[in-house]
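What follows is a set of notes on a single structure, which appears directly below.
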Amino acid sequence: MKVEEIRVCVIRVGGTNCDAETKRAFDELGVKADINHLNEIVKKASLLDYNALVFPGGFSYGDYVRAGAILAKGTLTKLRHDLKMFVEEGRPILGICNGFQVLVEAGLLPAFEGISEYPEATLATNIPIGYNCRWTYLKHENSGRCLFTQKIPKGNVLRIPVAHAEGRFLFSKENEDRYLRKLYDNDQLVFRYCNKEGEYAEGEFPVNPNGAFHDIAGICDPTGTVFGLMPHPERAFYGWQLPDWTKTENMPTYGDGKLVFESMVEYLKSRF
């Protein structure tokens, strides 16, 4: 498939606030990205007209009940068949921040045995409590399963910002050890919070900005085609978005976030 033939659907609803930045990242790579309200997809178009799906960041429906819960249930109610087809056909699904919360609430992540009826994890209130917006370092843990990080060597450290109040990735206490082992065994662990040198945060704030279990910042499903992360790669796409760009003598053209979108596009070019 040629780049200009790739079509990406960016879903928005009330409270979504990162759809334009996400679309811009795809536009930069020559991909056709459409921003569609969930109801537009249901009434006027078909999700299966698209090669990839993105749930961007924001605070969908005000994050009432739990972050991402209402959008997750609404999407499952209206598009369950299409989502199932996406997974079965290997069409990429990306969830950024609030989108990650949606994918977990919808059972699309971690999806150890396929799409789960009930959430197998949660993204809980930050510790320390409160909205946290800061630049973080992420260590790439994946060995190749996740299609969204195929352009990133394992062990590389990326700098990408977070902006959330409920980003603390957790498993239930009784399942912590077993599910963490599954993440490793299935090569589903993608990003962990670390410092600039790549040393894990070990839960310490602010290196781990939300208290996430095992410093988890992003995971994929067993197929590697569904990926969720709390940090915002679309906010680290260009060099001028970096926090220290004015102090850099030779400002880079792009930031580390570009690698996530590039990896997805390369997969689509070769897969379809």
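Only the coordinates and a few stated rules stand behind these numbers; no lab work does. Only a predicted model underlies this, so the values are computations on that prediction, with no experimental measurement involved. A quick note on method: Cβ atoms are made from the backbone with ideal geometry, for glycine too, and the neighbour counts reach across all protein chains shown.
Listed conditions (1) buried (at least 20 other Cβ atoms within 10 Å of the Cβ); (2) more than 24 Å from Ala236 (Cβ to Cβ); (3) within 18 Å of the chain's Cα centre (by Cα) are all met by Leu79, apart from (3). Condition first: in contact with a strand residue (DSSP E or B) (Cβ under 8 Å, 6 or more places away or on another chain) and not hydrophobic (A, V, I, L, M, F, W, C). Now tell me which residues in region 52-84 satisfy that. The answer is Pro56, Gly57, Gly58, Ser60, Arg66, Gly68, Thr75. Scanning region 90-106 for residues that are more than 8 Å from the chain's Cα centre (by Cα) and on the phi < 0 side of the Ramachandran plot yields a count of 10. In region 115-122 there is no residue that is touching a residue at least 24 places away in the same chain (Cβ under 8 Å) and surrounded by fewer than 16 Cβ atoms within 10 Å (Cβ to Cβ). Only one of the listed residues (Arg235, Arg181) is of a type in the set (Lys, Arg), in contact with a Cys (Cβ under 9 Å, 6 or more places away or on another chain) and under 25 Å from Leu108 (Cα atoms). That residue is Arg235. Gly14 passes every criterion in (1) touching a helix residue (DSSP H, G or I) at 6+ places or on another chain (Cβ under 8 Å); (2) over 19 Å from Thr77 (Cα atoms) apart from (2). Contact annotation: residue pairs with Cβ atoms under 7 Å, 6 or more positions apart or on different chains, pairing a residue in region 63-91 that is free of Cβ contacts under 8 Å to residues at least 24 places away in the same chain and within 17 Å of Gly167 (Cα to Cα) with a partner that is surrounded by fewer than 20 Cβ atoms within 10 Å (Cβ to Cβ) and of a type outside the set (Asp, Glu), are Ile70/Tyr61; Ile70/Tyr64. Selection within region 1-38: residues that are of a type in the set (Lys, Arg) and within 22 Å of Tyr238 (Cβ to Cβ). The member of this set that is farthest from the chain's Cα centre (by Cα) is Lys32. Looking only at residues in region 39-51 that are surrounded by 20 or more Cβ atoms within 10 Å (Cβ to Cβ) and closer than 21 Å to Gly15 by Cβ, the one that is nearest to the chain's Cα centre (by Cα) is Leu47.
Of all residues in region 126-149, those that are crowded, with 17+ Cβ neighbours inside 10 Å and in a loop (DSSP other than H, G, I, E, B) total 5.
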